[in-house]
Each structure stands twice: as C-alpha cells, then as structure tokens.
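Worksheet: one structure, shown below.
The values are calculated or read from the model by the stated rules, or taken from the named source; none is laboratory data. Quantities reported herein were computed from a predicted structural model and do not represent experimental measurements. Areas reflect the complete protein model, heavy atoms only, side chains present, ligands, DNA and RNA absent. Shrake-Rupley method; radii C 1.70, N 1.55, O 1.52, S 1.80 Å.
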Amino acid sequence: MTMMKEMGQRFLFFILFVLLVIIVTTAYDWVQGLFSFGSPYDAPSGDAVKVFSMTNEIEQYSIPDRLLWFFRYGE
C-alpha cells in the first residue's frame, strides 16, 4: 500500500510540474508579447540609419572596383 501511495504522489508531482511549466511558458510568451517593439529587421524611424542593408546596390559595380573597395575600406 505504501508503494501505491508513493507512486500516486510522484504522479501528482509530475502532473503539477507539467501544468506549472505550461503556465510559466504561457505567461512568459504573453509578457514578451506586451513588450515587443516590432521586428529588429525593419527600417528605423526618425533620424536613425540602418547600418546593414540587404540591397543589391553593389552588383552594379565591376569586380575590379569591388576589389579596390575591399582593399581600401575592408568591406
């Protein structure tokens, strides 16, 4: 009988642990959603400048020009 009682307590502990994990992760996602400030990949607003841009502006230059820019500016 003692073994059944111990197994019941362990099962109850496991169920409570799973429920608490679900509650905590749901609360964390909810709080994180409250403080989301948009995507970090969006263009900044105001006078801010985005340092890295995924445009193909460099494709219009020739390979020697790009090589000179690399040696000169390290980009």
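For the stretch 29-38, a residue qualifies if it is over 14 Å from the mean Cα position of the chain (by Cα) and open to solvent by 80 Å² or more (accessible area, probe 1.4 Å), and the qualifying residues are TRP30, LEU34. Scanning the stretch 15-28 for residues that are open to solvent by 100 Å² or more (accessible area, probe 1.4 Å) and not hydroxyl-bearing (Ser, Thr, Tyr) turns up PHE17, LEU20, ILE23.
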